[in-house]
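Below: one structure, written as structure tokens.
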Amino acid sequence: MGSPYTLNVTTVPGFDNAILEDMECTFYAVYPLLVQRFNTSAATTVGFNITNEPGVAWASGGSTFYNKQHMLDNPEDTDVVVHETMHIVQAGYSGQVPGWIVEGTADYVRDAYGLNNAAAGWSIPSGWVYGAHYLFGYGDAAAFFKWIDATYRVNQTPVVDALDDVLRAGTYSSQTWVTLTGHDVESLWQQYSNNQAPLPATSGITVYEDSSFGGRAVILDRGEYDVSDLGARAVGNDWISSIQVPAGYTVTAYLDSPFAGTSVVYTSSQASLGALNDKISSLVVE
């Protein structure tokens, strides 16, 4: 009996047919399980493209894309198909849709359904580590979700299933976490870290994901912040695009970590960081 699902495959010259066959087999083995679990109305025809475009893998408009060279260099990484096709299953979300939940869930299902993760050397973290943050999504969020299941969702549907229902209904809010666990997400993260995760600062400078003080914002009090210190506060490496500096504060930004390479001192707010835009790896706030 043939599969009810169809892959529209395109590739580029020089790709390894054996790798492509393994990737296709992964799709046909796992995609039906994801559809059955999360979204029985998911697409039955999926685009599947090997491309020379930069990146590792991504999904867009009912299709998945895989960088040729990445797959040639990492032929065992075929479970990337699980992650990307989960994004096809996630189609139909509405309202507020936090990207970290979307990517964390895709790694959660790769961990649960992947056929070749061990051979690829791929895994999610076994628990909290300093420098991680749930807002980074992917493995950090997936491990967090597994902890939530074991701590607050025993004998209930896993949190990713509950979140999928909420996102599909377009009703996600900060209250969602209280409804599902009895705790807000920051309290859950503190518990997950055994109260080792830094608490969000309430005063100091503010760094922004986008220029002109746009995108996600994080407050940093006075102190020295290496790349892991920034990460523990949900500030990614090479992430900062603008900085708000209140009177009385001085910020020294460094290209490299720890506190090395090109540096620039800011004593006032900067809507654009010029040569250091998306290139800051450590900070000193005084």
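Worth pointing out:
- When M71 is tested against the conditions (1) aliphatic (A, V, I, L, M); (2) under 24 Å from the mean Cα position of the chain (by Cα); (3) open to solvent by 50 Å² or more (accessible area, probe 1.4 Å), the lone failure is (3).
- Filtered by the rule that a residue be open to solvent by 40 Å² or more (accessible area, probe 1.4 Å) and over 22 Å from the mean Cα position of the chain (by Cα), the stretch 44-58 gives T44, T45, N52.
- Qualifying residues in the stretch 223-266 (those that are touching a Lys or Arg at 6+ places or on another chain (Cβ under 9 Å) and in contact (Cβ under 8 Å) with a residue 60 or more places away in the chain) - the one surrounded by the fewest Cβ atoms within 10 Å (Cβ to Cβ): A234
- Residue in the stretch 242-258 that is part of a loop (DSSP other than H, G, I, E, B), more than 20 Å from Y130 (Cβ to Cβ) and within 22 Å of the chain's Cα centre (by Cα) present: no
- Just one of the listed residues (Y113, Y138) is of a type outside the set (A, V, I, L, M, F, W, C), within 21 Å of D184 (Cα to Cα), open to solvent by 10 Å² or more (accessible area, probe 1.4 Å) and touching a residue at least 12 places away in the same chain (Cβ under 8 Å), and it is Y138.
- When T105 is tested against the conditions (1) crowded, with 18+ Cβ neighbours inside 10 Å; (2) part of a loop (DSSP other than H, G, I, E, B); (3) β-branched (V, I, T), the lone failure is (2).
- Odd one out for T40 among (1) β-branched (V, I, T); (2) within 19 Å of the chain's Cα centre (by Cα); (3) open to solvent by 10 Å² or more (accessible area, probe 1.4 Å): (2)
- Within the stretch 267-282, the residues that satisfy the criterion of being free of Cβ contacts under 8 Å to residues at least 60 places away in the same chain and either open to solvent by 70 Å² or more (accessible area, probe 1.4 Å) or among the charged types (D, E, K, R) (or both) are T267, A275, D278, K279.
- Any pair with Cβ under 7 angstrom, 6 or more apart, that starts in the stretch 41-66 at a residue that is at positive phi and assigned to a loop (DSSP other than H, G, I, E, B) and ends at one that is surrounded by 16 or more Cβ atoms within 10 Å (Cβ to Cβ) and not small (G, A, S): G55/N67; G62/V46; G62/I88
The values are calculated or read from the model by the stated rules, or taken from the named source; none is laboratory data. Values in this document were obtained by computation on a predicted structure and should not be read as measured data. Quick reminder, even Gly has a Cβ in these numbers, built from the backbone with ideal geometry, and neighbours come from all protein chains shown. The protein model used for the area step is the full one, side chains on, heavy atoms only, and it has no ligands, DNA or RNA in it. Shrake-Rupley method; radii C 1.70, N 1.55, O 1.52, S 1.80 Å.
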